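Here's the structure we're looking at; comments come further down.
The values are calculated or read from the model by the stated rules, or taken from the named source; none is laboratory data. Only a predicted model underlies this, so the values are computations on that prediction, with no experimental measurement involved. A quick note on method: Cβ atoms are made from the backbone with ideal geometry, for glycine too, and the neighbour counts reach across all protein chains shown. Note: areas computed on protein heavy atoms with side chains; ligands, DNA, RNA excluded. Shrake-Rupley method; radii C 1.70, N 1.55, O 1.52, S 1.80 Å.
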Amino acid sequence: AYLIIQIYLMKLHYFDMPGRGEPIRLLLTHAKIPFEDYRITFAQWPSLKDSYESKQIPLLEMDGKKYSQSYAILELLGAKYGYLPVCPCEYYETFCIMNTIDDINSLFIDVYLPFSHYDAEAKKIMAEDMYKVKLPILYSYLEKKLAEKDCKDFVVGSKYSIADFYMLGMHARIKYFTKSTKIWDEMAGIPLLQAYMKKRLADFANYYKEPEERPKFYYFDGDGRGAKVRLLLSNAK
């Protein structure tokens, strides 16, 4: 038996969590584009931050160039691999949905991120308002968007678009923050969205396997003899 090692010419830099980098990971995974998924811990970030020109991530290395800003990267890859609608109306719907998802993500960031500038009491009040008022409004808006479509398997058009990866990224982020999918699963009044999400998550069953289900590889924290094996395993999704 032979172990074939492939060198990947694309490298995505982002934190070891769902977030702005997750839709990019999902797009590349669905497109079957081999890439190095370089994940940075929060502990590592302060020492690495100055090495990035914009002091921000995600950052994508591709074809000898570096690309920053998550929206711009996602749009670039969407155009490159066929996930960006060419119809002006569908293009509008794509970014309308993504902007709505950003509103949802912002709510969870303010309530759940430990470095959020709100204190515990303020977060408690915000959480109650989020669950009782703001989330139902935003989810109902997305439900209405899906109800208006003939094809309800995708949020825009009749095939995957960058908006679908953004939806999946939102679901992953909520699960990461709350440690559960209960909030989404038990939300009333969004049956179409829940059915949609169930179908799309099934497409990424291997990607979302828990870490303990994946092969374990042990090597020093750095490059060297183990670097290529680590790259191979990181893309076996």
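Conditions: (1) surrounded by 18 or more Cβ atoms within 10 Å (Cβ to Cβ); (2) assigned to a loop (DSSP other than H, G, I, E, B). LEU12 meets all but one. Number of the miss?
That leaves (2) as the condition not met.
Do any residues in the stretch 157-180 that are farther than 14 Å from MET98 by Cα and of a type in the set (Phe, Trp, Tyr) have Cβ atoms under 9 Å from those of residues that are open to solvent by 10 Å² or more (accessible area, probe 1.4 Å) and modelled with pLDDT under 90, where the two are at least six apart or on different chains, and which pairs are they?
Going by the 9 Å Cβ cut-off, the qualifying pairs are TYR176/TYR112; PHE177/ILE109; PHE177/VAL111; PHE177/TYR112; PHE177/LEU113.
Given the criteria part of a loop (DSSP other than H, G, I, E, B), open to solvent by less than 40 Å² (accessible area, probe 1.4 Å) and not β-branched (Val, Ile, Thr), does PHE177 qualify?
no
Among the candidates GLY169, GLY189, which residue alone is of a type outside the set (Ser, Thr, Tyr) and under 30 Å from ILE33 (Cα atoms)? Spell out how you get there, then give the answer.
Values: GLY189 fails: under 30 Å from ILE33 (Cα atoms).
After ruling out the rest, the residue left standing is GLY169.
Which residue out of LYS32, LYS65 is over 25 Å from LYS175 (Cα atoms) and among the charged types (D, E, K, R)?
On inspection, the qualifying residue turns out to be LYS65.
Each row is one residue, and each column tells you yes or no for (1) among the aliphatic types (A, V, I, L, M); (2) open to solvent by 80 Å² or more (accessible area, probe 1.4 Å); (3) over 28 Å from ILE33 (Cβ atoms).
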| residue | (1), (2), (3) |
| --- | --- |
| TYR83 | no, no, no |
| CYS96 | no, no, no |
| ILE109 | yes, no, yes |
| TYR131 | no, no, yes |
| TYR141 | no, yes, yes |
| PHE154 | no, no, no |
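For LEU77, all conditions in the list (1) out of contact with any helix residue (DSSP H, G or I) (no Cβ under 6 Å at 6 or more places or on another chain); (2) at pLDDT 95 or above; (3) not basic (Lys, Arg) hold save one; what is the number of the exception?
Status for LEU77: all satisfied but (1).
Would you point out which residue out of LYS145, LYS182 is out of contact with any helix residue (DSSP H, G or I) (no Cβ under 6 Å at 6 or more places or on another chain), over 23 Å from ALA31 (Cβ atoms) and loosely packed, with under 12 Cβ neighbours inside 10 Å?
After applying the criteria, what remains is LYS182.
Counting just the residues of the stretch 25-69 that are in contact with an Asp or Glu (Cβ under 7 Å, 6 or more places away or on another chain) and more than 24 Å from SER161 (Cα to Cα), which one comes out least open to solvent (accessible area, probe 1.4 Å)?
Once the filter is applied, the top-ranked residue is ILE40.
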